[in-house]
Structure formats: C-alpha cells, structure tokens
1. Please state the relative contact order of region 61-124 as a whole percent: Cα pairs under 8 Å, 6+ residues apart?
2. Could you give the length gained on full extension between ASN267 and GLN29, defined as 0.36 nm per residue of separation minus the Cα-Cα distance, in nm?
3. Could you state the number of Å between the C-alpha centres of region 166-207 and region 115-162?
4. Roughly how many whole Å is it from the C-alpha centroid of region 56-108 to that of region 1-40?
5. Would you mind estimating how fast region 1-137 diffuses translationally, via Stokes-Einstein at 37 °C and 0.692 mPa s with the Kirkwood radius over Cα pairs, in µm²/s?
6. With N set to the residue count of the chain, report its C-alpha Rg divided by 2.2 N^0.38 Å to two decimal places.
7. Given R₀ = 22 Å, FRET efficiency for THR257-ARG143 by Cβ-Cβ distance, to 0.05?
8. Within region 222-251, what residues put their amide N at less than 11 Å from the label point 7 Å along the Cα-to-Cβ vector of ALA192?
Amino acid sequence: VTVPHVTLANNNTVPQIGLGLWQIKDQMQFQQAFEAAWSVGYRHFDTAQAYGNEQYLGEAWSATGATRDDVFITTKIWIKHFGVKHLKSSFDDSLASLQTDYVDLLLLHFPVTLRRKKAWLALERLHAEGKARTIGVSNYTIRHLEEMKKYASIMPVVNQVELHVFLQQPELVQYCKDHGIMIEAYSPLAHAKDMHNQTVSLLAQKYEKTYAQIMLRWLVQEGHVVLPKSGRPQRIRENYAIFDFEISTEDMELLRTQDRGLRTCWNPTHIP
Ligand SMILES: NC(=O)c1ccc[n+]([C@@H]2O[C@H](COP(=O)([O-])OP(=O)(O)OC[C@H]3O[C@@H](n4cnc5c(N)ncnc54)[C@H](OP(=O)(O)O)[C@@H]3O)[C@@H](O)[C@H]2O)c1
C-alpha cells in the first residue's frame with residue numbers, strides 16, 4: 001500500500017499518516033513499536049521534547065540505514081523552553097538526540113500566553129537557518145492564529161490539534177483550510193476513550209474494517225494528516241491499513257453527525 005503524501009503550503013510534503021510517540025517511554029517498547037512501524041512502511045514519526053523519547057527515535061531511525069530524506073521527523077518545543085535562548089539550546093539538544101541536523105517539522109507545543117510570540121520568532125530563525133524545514137504550531141485556536149498575523153513573517157504551515165469523529169472542530173478546520181494551514185489530527189482515536197460508538201461500529205462491520213480504521217479513514221478522507229499512537233505491533237499495522245478502501249459520501253456525512261465536542265487532551269480554548 002502506498003501512503004499518500006500531502007503537499008503543504010510551502011510545497012514540502014508529508015506522509016499522511018505518522019506514528020504518534022507520546023507515552024512510549026520505555027526503550028524496549030519503543031524499539032519494538034518502531035520496528036513494527038518501519039517494516040510496514042511508516043516513515044513519519046511524531047515526537048516532542050516532552051515525550052522523553054527523541055533519543056530513542058534518533059537511534060532507531062539511524063539503525064535502519066535509511067538516508068535522512070527517507071524519514072519525516074517532527075518534534076515540538078516544550079513550553080518550558082519558550083525563552084529565546086533556551087529554545088535554541090533545547091532544540092540543538094533535540095537535533096543531537098534525533099541524530100540529524102534538521103527536522104522536517106518543528107512545532108510550538110502549546111500557545112503559552114506572553115511567550116508564544118517570541119518563541120515563534122525564534123522558530124522563524126531556525127527555519128531560516130535550515131534547521132527546521134517546516135514550522136508550525138500545536139493546540140492553537142482561531143484566536144491564537146489570528147493574533148499571529150500581527151507578528152509573524154511566516155504564518156504556520158501546520159496546526160496539530162486534537163481532532164477525531166467525536167471532536168470535529170468545524171470552525172477551526174474551515175479557518176485552517178482558508179489560510180493554507182494543514183491540520184494534523186492528534187489523538188485521532190480519541191485516545192481510546194470511546195471505542196464503542198454505535199455508528200462507527202456499524203460502519204466497521206459494513207466495510208469489514210476495524211473500529212480504529214474507520215476513525216482514521218474518516219480523518220484521511222477529510223484531508224487531514226493522522227497521527228495514531230500504539231505501542232503494539234499488531235495495532236500499528238492495523239492503523240496503517242487505511243488506504244485500501246473508501247468510505248462513501250453518505251457514510252462520511254453520517255460520521256459527521258457523531259461530533260460531541262469530546263476533548264481527551266489539552267483544552268486550549270480558554271488560553272488568553
Ligand atoms: N501536540 C499535542 O499536544 C499532542 C497531544 C496528544 C497527542 N499528540 C500526538 O498524537 C499522537 C496520538 O494521540 P494519542 O496517543 O493521544 O491518542 P490516540 O492515537 O488517539 O490513541 C492512542 C490509544 O489508543 C490505543 N490504540 C491504538 N491503536 C488502536 C487500535 N487499532 N485499536 C484499539 N486501540 C488502539 C492505544 O493503546 P496501545 O498503545 O496499548 O495500543 C492508546 O491507548 C500522540 O502519540 C502524539 O504523537 C500530540
């Protein structure tokens with residue numbers, strides 16, 4: 001199965017599925033997950049300074065013998081590192097851990113009030129230096145993105161937010177479309193908080209796919225990048241097998257009715 005690559009506003013491309021690496025803290029488990037992912041075809045990996053596994057990712061991808069171009073690596077600047085000097089040095093540490101001299105995508109992890117502007121300007125410099133091919137943000141609401149128009153020389157190319165069948169955020173999605181910002185759907189399985197929805201289950205039966213595959217395929221057909229996480233080889237393979245079937249227009253509509261504003265992670269809407 002070939003995974004589609006999505007073209008970003010800056011003409012860089014990204015594989016439409018990436019392996020989420022949050023909460024894979026143990027190196028043995030990391031290695032096992034990485035190997036399962038690599039062998040089935042994942043080439044896009046989503047880590048963060050806060051996940052504590054950049055080092056494992058660096059070791060794992062280097063050991064494959066692949067060239068750097070074959071891998072798409074995302075990391076995120078943790079909120080404690082938003083001070084300009086600290087941001088730069090923490091990012092250098094990230095690059096060393098990841099065994100590379102650039103990342104494909106660098107994100108600000110969260111819209112920290114008062115510090116996010118300077119942090120973004122620092123990201124723009126890292127981009128200019130070639131250390132981050134694409135820069136973006138995470139957990140930004142429309143308000144946070146609008147504010148950036150006042151200070152950004154480069155607008156974010158990516159916004160990584162919680163998005164799934166049960167949290168569809170239509171206004172934010174439309175805003176990002178209108179502004180050429182690619183959405184990366186994090187917690188695309190709703191962090192496994194609801195694996196028993198009747199509509200999703202019925203469609204899983206109908207398409208002879210699993211519950212998780214319906215959840216992911218819906219996002220893919222909506223045009224988003226998806227970042228499912230699993231530490232288990234079998235599920236890692238299952239989550240990847242979503243490019244060989246299509247949900248009909250009517251069933252896409254049906255899934256659209258299942259939005260219930262379910263947040264399983266951060267809620268950035270109240271951040272001034
Ligand atoms: N930018 C941010 O602030 C932010 C926040 C949250 C997440 N993220 C990113 O998004 C990634 C994914 O989000 P997430 O980890 O919160 O949630 P998720 O991918 O929606 O769900 C992960 C959970 O689902 C289970 N699971 C995975 N595949 C499954 C399957 N096929 N069937 C049944 N259960 C399955 C996993 O358990 P097992 O591991 O035991 O299989 C785990 O408990 C993260 O790893 C991270 O890279 C970013």
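No lab work stands behind these numbers, since they all come straight from the coordinates. No experiment lies behind these values; they were computed from the predicted model shown. Please note: Cβ atoms are built from the backbone with ideal geometry, for glycine as well, and neighbour counts cover all protein chains shown.
1. It comes to 43 percent, rounded to a whole number.
2. 82.8 nm
3. About 23 Å separates the Cα centre of region 115-162 from the one of region 166-207.
4. What the calculation gives is 14 Å, centre to centre.
5. Values: Rh = 15.2 Å.
For the chosen part, D equals 215 µm²/s.
6. Working: Rg = 17.9 Å, N = 272, 2.2 N^0.38 = 18.5 Å.
Scaled against compact globular proteins, the figure is 0.97.
7. Values: r = 27 Å, r/R0 = 1.23.
Computed FRET efficiency for THR257 and ARG143: 0.20.
8. Within reach of a label on ALA192: 229-233, 235-236.
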